[in-house]
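**Q** Okay, here's the structure, questions in a sec.
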Amino acid sequence: MEHFASFALAGILYYLSYAHHLLTRLAAAVLFAGGLEVLQLFVPGRHARLIDFVMDALGACTGIVLVFGFAVVQTFSNTRTGGRGAGGQGARRD
């Protein structure tokens, strides 16, 4: 569970830093998770485990998709309200 949670946070931060091209970001997150597991093969006392890779990749992808979904909802909300937020009342400029 700690693998999933830490990689979900990493996925959120990664998406916020590089929000363009969702599929590219998902692929990069999976490759990063796999790379970390492969690197553990060369560290004494560490073991690469498939379940760790799966949880890391799922966590990172979940974080990326959650933030992407939030961004889509936010954009849709702003489009429907003319950019004035969900309440429909923007700041008045006189």
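The values are calculated or read from the model by the stated rules, or taken from the named source; none is laboratory data. Note that this is a predicted model, so its numbers are computed, not measured. Because the Cβ atoms are built from the backbone with ideal geometry, glycine has one as well, and the counts that use them run over all protein chains shown.
**Q** Mind checking whether some residue in the stretch 54-63 is free of Cβ contacts under 8 Å to residues at least 40 places away in the same chain, touching an Asp or Glu at 6+ places or on another chain (Cβ under 8 Å) and among the acidic types (Asp, Glu)?
**A** no
**Q** List the number of the failed condition for Gly45; all other conditions in (1) at pLDDT 90 or above; (2) more than 12 Å from the chain's Cα centre (by Cα); (3) part of a helix (DSSP H, G or I) hold.
**A** Of the numbered conditions (1) at pLDDT 90 or above; (2) more than 12 Å from the chain's Cα centre (by Cα); (3) part of a helix (DSSP H, G or I), the odd one out for Gly45 is (3).
**Q** Would you call Leu50 within 21 Å of His3 (Cβ to Cβ), in contact with an Asp or Glu (Cβ under 9 Å, 6 or more places away or on another chain) and modelled with pLDDT of 80 or more?
**A** Here the answer is yes, as Leu50 does meet what is asked.
**Q** So which of Tyr18, Tyr14 ends up being under 11 Å from Cys61 (Cα atoms), of a type outside the set (Gly, Ala, Ser) and modelled with pLDDT under 85? Full working, then the answer.
**A** Details: Tyr18 fails: under 11 Å from Cys61 (Cα atoms).
Result: Tyr14 is the single residue among Tyr18, Tyr14 that is under 11 Å from Cys61 (Cα atoms), of a type outside the set (Gly, Ala, Ser) and modelled with pLDDT under 85.
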